[in-house]
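The values are calculated or read from the model by the stated rules, or taken from the named source; none is laboratory data. Predicted model only: the values in this text are computed from it and were never measured. Glycine also receives a Cβ, built like all others from the backbone with ideal geometry; neighbour counts cover every protein chain displayed. We work out accessible area using only protein heavy atoms, side chains counted, and drop any ligands, DNA or RNA first. Shrake-Rupley method; radii C 1.70, N 1.55, O 1.52, S 1.80 Å.
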Amino acid sequence: IANDIKWDRIKALSMNLQRCGVSNTMITIYKGEKFPEIKFDKILLDAPCSGTGTLQKSPDTLRIYNPEMIKKLSYQQKRMIMKAYSLLKPNGTLVYSTCSLEPEENESVIDSLLEKTDAELEKASLPKLNSSPAVLEFEGKKYNSEIKKCLRIWPQDNNSEGFFVAKIRKNEPR
């Protein structure tokens with residue numbers, strides 16, 4: 001199941017699935033936090049974000065950037081990750097990613113999930129890319145030390161976009 005709320009993305013996704021001959025994918029259009037109660041083994045949450053990791057290709061991102069927007073996005077991302085986590089089957093895997101470099105949209109979101117659930121982080125890795133450590137403290141707030149298992153890719157380190165990845169496992173109920 002592939003889900004998005006933006007028609008232009010749905011259209012591109014549909015065309016790419018067709019072009020690649022993929023026939024086992026259903027496309028849905030739900031707000032992430034309103035997705036139906038279906039249980040999954042694996043979920044990729046490519047969360048809506050500020051896109052600050054894409055400045056090389058989208059310099060216009062700087063024109064719309066403001067701290068209030070980051071706060072709103074972080075709030076939405078926290079709701080979406082909680083919803084995605086609730087849709088995981090026991091022992092399921094959730095990958096959270098953004099193309100943002102903002103700790104409020106990345107480590108803060110993961111820290112919030114760890115505070116509110118029994119989620120466990122697994123080491124995220126992309127061996128062919130240069131990566132940097134996750135941010136463990138931002139604006140006086142210390143994040144859970146498990147966040148060191150997350151992955152940060154800076155644009156200048158790979159001549160690529162910047163992004164963040166966390167790999168999360170849902171434990172069996174006790």
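Annotations
- Normalised per residue, the accessible area of the chain is 61 Å², obtained with a 1.4 Å probe and no contribution from ligands, DNA or RNA.
- What the Kirkwood sum gives for the chain is a hydrodynamic radius of 17.0 Å, with every pair of different alpha carbons counted.
- Ile5 paired with Ile29, simple spin-label distance in nm, labels 7 Å along Cα-to-beta-carbon: 1.3 nm
- Peptides 16-27, 68-79 ordered by packing proxy, namely the average of other Cβ atoms within 10 Å per residue, highest first: 68-79, 16-27.
- To put it simply, the accessible area of the chain at a 1.4 Å probe is 53 percent carbon and sulfur.
- Secondary-structure-derived ellipticity at 222 nm for the chain, considering helices only, amounts to -8500 deg cm²/dmol, per-run term -39500 (n - 2.57) for DSSP H runs with n ≥ 4.
- Cα gyration tensor shape of the stretch 51-101, rounded if a/c is under 1.5, else prolate or oblate by comparing a/b with b/c: oblate
- For the stretch 21-32, 3J(HN,Hα) computed residue by residue from phi via the Karplus equation (6.51, -1.76, 1.60; θ = phi - 60°) reads x, 7, 10, 10, 10, 9, 9, 10, 10, 10, 5, x Hz, glycine and proline entered as x.
- When both bridge partners sit in the chain, DSSP labels roughly 65% of those beta bridges antiparallel.
- Each label was represented as a point 7 Å from its Cα along the Cα-to-Cβ direction; for Lys42 and Gln56 these points are 2.7 nm apart.
- Near Gly92, the amide H atoms lying under 5 Å from its own belong to Lys170; only residues 5 or more places off or on other chains count, and H is placed 1.01 Å from N.
- Using heavy atoms of the protein chains and a probe of 1.4 Å, the accessible area assigned to Val135 is about 40 Å².
- Cα gyration tensor shape for the stretch 65-134, rounded if a/c is under 1.5, else prolate or oblate: oblate
- The stretch 103-174 shape via C-alpha gyration tensor axes, a/c threshold 1.5: oblate
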